[in-house]
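The values are calculated or read from the model by the stated rules, or taken from the named source; none is laboratory data. Since the structure is predicted, the reported quantities are computational estimates derived from the model, not experimental observations. Because the Cβ atoms are built from the backbone with ideal geometry, glycine has one as well, and the counts that use them run over all protein chains shown.
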Number of protein chains: 2
Amino acid sequence: MGKDQCYGHPTIRTPHLDKMAAEGMRFTQFYSAAEVCTPSRAALLTGRYPIRSGMCHDQFRVLRQHGAGGLPQDEVTLAEALKAKGYATACVGKWHLGRPAEHLPARHGFDEYFGMPFSNDMQPKPGTAKGRERFFEEDNEYWQTPLIRGVEVVDATPDQATLTGQYTSEAVKFIKTKKGGPFFLYMAHSFPHVPLFASKQFRGKSKAGLYGDVIEELDWSVGQVLAALREAGVEKNTLVVFSSDNGPWLIFDQHRGSAGLLREGKGSTWEGGMRVPCIAWWPGKIPAGVVQREVATTMDLFSTCVKLAGVEVPKDRPIDGIDIAALLTGSGSVQREAFIYYRGATLYAARLGPWKLHYTTRSAYGPDKPQPHDPPLLFNLEDDPGEKFNVAAKHPQVIKEIEAAVAKHRAGVTPAKSQLVELVKP
Amino acid sequence: MGKDQCYGHPTIRTPHLDKMAAEGMRFTQFYSAAEVCTPSRAALLTGRYPIRSGMCHDQFRVLRQHGAGGLPQDEVTLAEALKAKGYATACVGKWHLGRPAEHLPARHGFDEYFGMPFSNDMQPKPGTAKGRERFFEEDNEYWQTPLIRGVEVVDATPDQATLTGQYTSEAVKFIKTKKGGPFFLYMAHSFPHVPLFASKQFRGKSKAGLYGDVIEELDWSVGQVLAALREAGVEKNTLVVFSSDNGPWLIFDQHRGSAGLLREGKGSTWEGGMRVPCIAWWPGKIPAGVVQREVATTMDLFSTCVKLAGVEVPKDRPIDGIDIAALLTGSGSVQREAFIYYRGATLYAARLGPWKLHYTTRSAYGPDKPQPHDPPLLFNLEDDPGEKFNVAAKHPQVIKEIEAAVAKHRAGVTPAKSQLVELVKP
């Protein structure tokens, strides 16, 4: 027995996330701004679609381990914005916005950094070439993704089973030492990205295999962080947000999650690729146990946090996120333009109100190539969250409205040079 | 904004069910004993697989409007069992266990009956033959499913938009007048079976079309019933269970629900056909806000309620349900044999612990014919609730154990003559 299981999995236990949701707000229509990690994280930290920062590419979907590129210096990250008000800042966990020292968190407003510079399946052991099975093995010999502190590699071949624990200790330590002043902690767990690893304490303990073990350990980590905030006595002036950078990576068999009734997963602009969990927690400010059905996005977190901290949102560039404080506190509604679904640097779809128009779709399973739709496909996501029933023929006026919103979006976007193509020989 | 949405739909609002779950116990692995309504309801009321009562058939899946058959008189229903202890009993809503007077609820232990004798899409207007579109029209002229009180038709062509409201009034009235003694109310809503109808108060009010409207009205009805129990002051000695007779009827486009991450829906022995929502509520007895991950079935409700009322479970016949009071109160665990998935009168699959073995499957979509599996398919439902990964090759010992459990089940079953074949000319 347990409480809640707030996003509905029948057997994986997430008591700390459930408690967080019971004490806070759970979103049901929350979006990451991209279908894979690098662009999604760039959008989260800048409040801007990745097309504006060059942190996306149609072919090279994410930064590779030998990539020379990274988040451009002229982007303003949430950490940089908050530093204007004296916030102490830390990044713990997966970065994936640039491996070279000049692209690491220290150059983007973070006082402290501890974690992996990219995904935990990157940098395999040189000279060995394993097939697909490598993703299903808990093989620390094979994966050589380094752990970095500041800009230095402190462990070239970490035991990945310790990652969740190490990130958690680091986060808790940061919270404990920062209780004198305002702080911003960006904690990005490496898992449940494959290959999966869980600590001894959690390995084999869930009903849902290694994937379940990993999720239950992440849940434990959330509990530790919230407990640290309470112990530091800062829970009533700290906004905590739990979310993800994309949907489940469905090609990895049992080492994947599930998007429930949503269609497809990671890598796709179907809802399963970009609609993600989101729980917002702020005792006394965010009402307890509320389900929020309004649309919101990771980019909104930038605009919202900057405003809450009393900082001006950068005025010299387009910011795509909007301030959703009114949604969080339940004090009102927000005005929102169309939400745009990019795959890489290409606009695939757009959502306006309940309606989503797909110009192009691409399956992570079937023939993995773009499938253009002319006329485009139209779904009412609030009626049909699984995107099963194309109702384009019935709603020509809706399509016109979305087309207009998309034209407006396109007119306001100047694609930046992609950072994802420049490779440095290892 | 709203609270909870306890089974995870992103936009349909179910505040009363969510509150019921927050105050009670929500199951995540609860089963109906059949994939369509007649056999499922027979099992619920008798605690026995429908193969034992003859209330199933491979071809005639449910009782038709002109069927002469019905639940055999020698079956002991929950209502009959409880009458032994002086319970007042009522059935409100859809019956579907026999249309002739000798098969109506009055002959099966119910003091009162008000509702439709079968599904609300039966008995179409004679002489008209509409196609598939008839299911998508709110056409009271076409559907002529009668409303019965006791054994008399009181409305031959009821306005189906009033059904949920009428059933609710009837249930509330019964509760109000029975507060002096013990009572058993079996309330079986006609919706969300197609054709869908919602009252004026709810029509067009949800974000999820008519299906959403219907669910939100059913949720309102649950709220009315629980409020009536509180008003009568009997909530602390009343067990209330909310569940369904099968999964969503996925062939009905937007007039269907969703089984979330479960595979398939109504009519199928994949999980989506038979794993159903279940919320149990009993303030002071059932702990609040608990998620119950143990397996339980509608048949268990028979055995549990009979025992709770101090009645002996019938000893002259096999009863398949088990007493799950220990699960409900959180006081212990229960011993369970294999759960058997029948489609009609044929054994398709069996679950033992987390394992499910499919001998035969059949899709409600594709080519709708039985697909035998030799060797059978094996899934770990707790790891893989979506039944995607056949792991039969890896677990021969598990298969042996399930085979033994199935053999034991088969040895204990004598299939009864089916009640579903005997038709009377209209």
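Summary of computed values
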{"quantity": "Flag for B:Gly8 being surrounded by fewer than 24 Cβ atoms within 10 Å (Cβ to Cβ), of a type in the set (Gly, Ala, Ser), out of contact with any Lys or Arg (no Cβ under 8 Å at 6 or more places or on another chain) and within 14 Å of chain A (Cβ to nearest Cβ)", "calculated": "yes"}
{"quantity": "Residues of region A:298-322 satisfying the condition of being within 21 Å of A:Arg41 (Cβ to Cβ), assigned to a loop (DSSP other than H, G, I, E, B) and acidic (Asp, Glu)", "calculated": "A:Asp320"}
{"quantity": "Selection within region B:183-230 - within 14 Å of chain A (Cβ to nearest Cβ), farther than 19 Å from B:His16 by Cβ and of a type outside the set (A, V, I, L, M)", "calculated": "B:Gly204, B:Gly209"}
{"quantity": "Single residue of region B:156-183 satisfying the filter (among the aromatic types (Phe, Trp, Tyr) and farther than 26 Å from B:Gly247 by Cβ) that is surrounded by the fewest Cβ atoms within 10 Å (Cβ to Cβ)", "calculated": "B:Phe183"}
{"quantity": "Residue in region A:117-132 that is in contact (Cβ under 8 Å) with a residue 12 or more places away in the chain and in contact with a Gly (Cβ under 9 Å, 6 or more places away or on another chain) present", "calculated": "yes"}
{"quantity": "Contacts under 9 angstrom Cβ, first residue in region B:303-326 being on the phi > 0 side of the Ramachandran plot, partner of a type in the set (D, E, K, R), 6 or more apart", "calculated": "B:Gly310/B:Lys85"}
{"quantity": "Test: B:Asp74 is free of Cβ contacts under 8 Å to residues at least 24 places away in the same chain, away from chain A (no Cβ under 14 Å) and either in contact with a helix residue (DSSP H, G or I) (Cβ under 9 Å, 6 or more places away or on another chain) or surrounded by fewer than 20 Cβ atoms within 10 Å (Cβ to Cβ) (or both)", "calculated": "yes"}
{"quantity": "Yes/no for B:Gly54 being more than 10 Å from chain A (Cβ to nearest Cβ), more than 19 Å from B:Gly321 (Cα to Cα) and either at pLDDT 95 or above or touching a strand residue (DSSP E or B) at 6+ places or on another chain (Cβ under 7 Å) (or both)", "calculated": "no"}
{"quantity": "Single match in B:Asp219, B:Asp213 (criterion: buried (at least 19 other Cβ atoms within 10 Å of the Cβ), out of contact with any helix residue (DSSP H, G or I) (no Cβ under 9 Å at 6 or more places or on another chain) and outside any loop (DSSP other than H, G, I, E, B))", "calculated": "B:Asp213"}
{"quantity": "Total residues in region B:231-248, condition part of a loop (DSSP other than H, G, I, E, B) and away from chain A (no Cβ under 13 Å)", "calculated": "8"}
{"quantity": "Breaking point among (1) without any contact (Cβ under 8 Å) to a residue 40 or more places away in the chain; (2) away from chain B (no Cβ under 14 Å), for A:Arg336", "calculated": "(1)"}
{"quantity": "Single unsatisfied condition, A:Glu337 versus (1) surrounded by 15 or more Cβ atoms within 10 Å (Cβ to Cβ); (2) over 24 Å from A:Ser418 (Cβ atoms); (3) not β-branched (Val, Ile, Thr)", "calculated": "(1)"}
{"quantity": "Given (1) away from chain B (no Cβ under 14 Å); (2) β-branched (Val, Ile, Thr); (3) out of contact with any strand residue (DSSP E or B) (no Cβ under 8 Å at 6 or more places or on another chain), index of the condition A:Thr14 fails", "calculated": "(1)"}
{"quantity": "The one condition in (1) modelled with pLDDT under 95; (2) buried (at least 20 other Cβ atoms within 10 Å of the Cβ) that B:Val421 fails to fulfil", "calculated": "(2)"}
{"quantity": "Criterion (of a type outside the set (A, V, I, L, M) and more than 22 Å from the chain's Cα centre (by Cα)) met by exactly one of A:Thr157, A:Thr168", "calculated": "A:Thr157"}
{"quantity": "Every residue from region A:355-373 that is crowded, with 18+ Cβ neighbours inside 10 Å and in a strand (DSSP E or B)", "calculated": "A:Trp355, A:Lys356, A:Leu357, A:His358, A:Tyr359, A:Thr360, A:Thr361"}
{"quantity": "Among the candidates B:Pro124, B:Pro50, residue that is crowded, with 16+ Cβ neighbours inside 10 Å, more than 24 Å from B:Ala34 (Cβ to Cβ) and of a type outside the set (Phe, Trp, Tyr)", "calculated": "B:Pro124"}
{"quantity": "Test for A:Ala129: is it more than 28 Å from A:Leu71 (Cβ to Cβ) and within 22 Å of the chain's Cα centre (by Cα)", "calculated": "no"}
{"quantity": "Residue list for region B:21-35, filter: crowded, with 24+ Cβ neighbours inside 10 Å and either more than 14 Å from every other protein chain (Cβ to nearest Cβ) or small (Gly, Ala, Ser) (or both)", "calculated": "B:Ala21, B:Gly24, B:Ser32, B:Ala33, B:Ala34, B:Glu35"}
{"quantity": "Count of residues meeting criterion [of a type outside the set (Phe, Trp, Tyr), in contact with a Leu (Cβ under 9 Å, 6 or more places away or on another chain) and in contact (Cβ under 8 Å) with a residue 40 or more places away in the chain] in region A:133-151", "calculated": "4"}
{"quantity": "Output for region B:249-277, where each listed residue is within 14 Å of chain A (Cβ to nearest Cβ) and either at positive phi or free of Cβ contacts under 8 Å to residues at least 40 places away in the same chain (or both)", "calculated": "B:Asp253, B:Ala259, B:Gly260, B:Glu264, B:Gly272"}
{"quantity": "In region B:238-261, the residues that are over 13 Å from the mean Cα position of the chain (by Cα) and modelled with pLDDT of 95 or more", "calculated": "B:Thr238, B:Leu239, B:Val240"}
{"quantity": "Among residues of region A:177-192, those that are of a type outside the set (A, V, I, L, M) and at pLDDT 95 or above, counted", "calculated": "8"}
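The rows are residues; the columns are (1) more than 14 Å from every other protein chain (Cβ to nearest Cβ); (2) without any contact (Cβ under 8 Å) to a residue 40 or more places away in the chain; (3) part of a loop (DSSP other than H, G, I, E, B).
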position: B:Pro375; (1), (2), (3): yes, yes, no
position: B:Phe379; (1), (2), (3): no, yes, no
position: B:Asp384; (1), (2), (3): no, yes, yes
position: B:Glu387; (1), (2), (3): no, no, yes
position: B:Lys400; (1), (2), (3): yes, yes, no
position: B:Ala407; (1), (2), (3): yes, yes, no
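To keep it simple, each residue is scored yes or no on (1) within 14 Å of chain B (Cβ to nearest Cβ); (2) under 20 Å from B:His9 (Cα atoms); (3) of a type in the set (Val, Ile, Thr); (4) surrounded by 20 or more Cβ atoms within 10 Å (Cβ to Cβ).
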site: A:Ile279; (1), (2), (3), (4): yes, yes, yes, yes
site: A:Gly284; (1), (2), (3), (4): no, no, no, no
site: A:Ala296; (1), (2), (3), (4): yes, yes, no, yes
site: A:Arg317; (1), (2), (3), (4): no, no, no, no
site: A:Thr346; (1), (2), (3), (4): no, no, yes, no
site: A:Gly353; (1), (2), (3), (4): yes, yes, no, no
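For (1) in contact (Cβ under 8 Å) with a residue 24 or more places away in the chain; (2) touching a Cys at 6+ places or on another chain (Cβ under 8 Å); (3) outside any strand (DSSP E or B), each residue gets a yes or a no:
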{"residue": "A:Gly180", "(1), (2), (3)": "no, no, yes"}
{"residue": "A:Tyr186", "(1), (2), (3)": "yes, yes, no"}
{"residue": "A:Phe197", "(1), (2), (3)": "yes, no, yes"}
{"residue": "A:Lys200", "(1), (2), (3)": "yes, no, yes"}
